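One structure below.
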Amino acid sequence: DVKVTQSSRYLVKRTGEKVFLECVQDMDHENMFWYRQDPGLGLRLIYFSYDVKMKEKGDIPEGYSVSREKKERFSLILESASTNQTSMYLCASINGRSRYYEQYFGPGTRLTVT
Amino acid sequence: AQSVTQLDSHVSVSEGTPVLLRCNYSSSYSPSLFWYVQHPNKGLQLLLKYTSAATLVKGINGFEAEFKKSETSFHLTKPSAHMSDAAEYFCVVRGSFGDDKIIFGKGTRLHILP
């Protein structure tokens, strides 16, 4: 079974702190994604990566950056956390760009910024 | 450009009665369509997917969906609801031929009444 793990289930940070959210997948998937999920808004794509050291902006990249130094690991960075970044963050991976493949999701990190 | 619309944000059914969660899509080319389920404080899990083979797709936990090109719909059904089906459900479309962005619906929360 594909496994996508995220470093924390719950995280509380203060405004202005630098925050790292880590995601690791164990099935050698090429593509990885970071989403945030808010009530009534569904999932919104922050960043994605098609390969090591490659990154693409999603729909809401402002205030975030990412890092992919190894194929299995995709990190989301909040350079200076703000209260409007309080949300559920979901990482996903997928085995290639074919439309036949489904995404595999991690359990999510619920981040609260106070 | 692609889009997906989940027609109901909340659906309530009694245990043992049928479930219908509605999804309409828009896509220029032959899309793939997916339904995911998210239980409280969990990540998303694939229920089923359509990738241009059989139009009636069977998934896990007794769910199925029918791809109707003429109606641009991919509604999710289950003959008899169980309490454990209470969750949020997401319809997802992914296109092809260079327009392979993954688009999520805003979700439908399914409530099961005892």
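For the residue pairs B:78/B:106; A:3/B:68; A:18/A:55; A:55/B:58, the C-alpha atoms sit more than 23 angstrom apart in A:3/B:68; A:55/B:58. Residue-normalised convex hull volume from the C-alpha trace of region A:1-42: 128 Å³ per residue. When the surface is traced with a 1.4 Å probe over the full set of protein chains, residue A:52 keeps roughly 50 Å² accessible.
Figure legend: label point modelled 7 angstrom from the Cα of residue A:44 along Cα→Cβ; residues of region B:70-114 with amide N under 15 Å from it are B:104-107. The value obtained for chain A, namely the Cα convex hull volume divided by the number of residues, is 98 Å³ per residue.
Surface burial for A against B, with a 1.4 Å probe and both sides summed, reaches about 1900 Å² of accessible area. Over all projection directions, the Cα-based convex hull of region B:3-113 averages an area of 6.5 nm².
What whole-number value in cubic angstrom gives the convex hull volume per residue for the C-alpha atoms of the protein assembly as shown?
Hull volume over Cα atoms, normalised by residue count, gives 120 Å³.
The values are calculated or read from the model by the stated rules, or taken from the named source; none is laboratory data. Only a predicted model underlies this, so the values are computations on that prediction, with no experimental measurement involved. We place every Cβ from the backbone using ideal geometry, glycine too, and count neighbours over all the protein chains shown. When the accessible area is computed, the model is the full protein with side chains, heavy atoms only, and any ligands, DNA or RNA have been set aside. Shrake-Rupley method; radii C 1.70, N 1.55, O 1.52, S 1.80 Å.
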